[in-house]
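One structure is given here, and the rest of the page talks about it.
The values are calculated or read from the model by the stated rules, or taken from the named source; none is laboratory data. Computed from a prediction, not measured in an experiment: that's the story for all the values here. As a convention, Cβ positions derive from the backbone with ideal geometry for all residues, glycine included, and neighbour counts pool all protein chains shown.
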């Protein structure tokens, strides 16, 4: 089994505006806009000898406090793994302000998608 768990950016939702802020601070980051469906893993599985491939997906809202969402994003490839320590601080302050202005409710409901591909070894 290969499984993914991705936030889903839809126009104006918290994931979308967060991704736009990441792109502002890190223009080299190209991982945004995911639909949470990963067809490439099917080819990888087939080429590795797996057969009877099946996939499934489902959506759910994941509850995050503002602090937890900021921590999740600071730990992401587009922020903590690629910005300078000072850049992370500046980014985090802007994300904090964005959440307070656009999404003051807590907890946040952040749309995520679970995608899984299952196969049988040949």
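Residue-by-condition table, conditions (1) over 25 Å from residue 117 (Cα atoms); (2) in contact with a helix residue (DSSP H, G or I) (Cβ under 8 Å, 6 or more places away or on another chain); (3) assigned to a loop (DSSP other than H, G, I, E, B):
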{"position": "5", "(1), (2), (3)": "no, no, no"}
{"position": "32", "(1), (2), (3)": "no, yes, yes"}
{"position": "35", "(1), (2), (3)": "no, no, yes"}
{"position": "46", "(1), (2), (3)": "no, no, no"}
{"position": "55", "(1), (2), (3)": "no, yes, no"}
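Could we say that residue 106 is more than 30 Å from residue 50 (Cβ to Cβ) and in a helix (DSSP H, G or I) here?
So residue 106 does not fit the description; no.
Can you list residue pairs whose Cβ atoms sit under 9 Å apart, with the first residue in the stretch 49-70 being on the phi > 0 side of the Ramachandran plot and the second being modelled with pLDDT of 95 or more? Count only pairs 6 or more apart in sequence or on different chains.
Hits for this filter: 49/119; 52/118; 52/119; 52/120.
Taking the condition of being assigned to a loop (DSSP other than H, G, I, E, B) and loosely packed, with under 11 Cβ neighbours inside 10 Å, how many residues in the stretch 92-103 meet it? So that I can check it myself, show each step before the final result.
Initial filter on the stretch 92-103 (assigned to a loop (DSSP other than H, G, I, E, B)): 103.
Now restrict to residues that are loosely packed, with under 11 Cβ neighbours inside 10 Å: none.
Summing the residues that are assigned to a loop (DSSP other than H, G, I, E, B) and loosely packed, with under 11 Cβ neighbours inside 10 Å in the stretch 92-103 gives 0.
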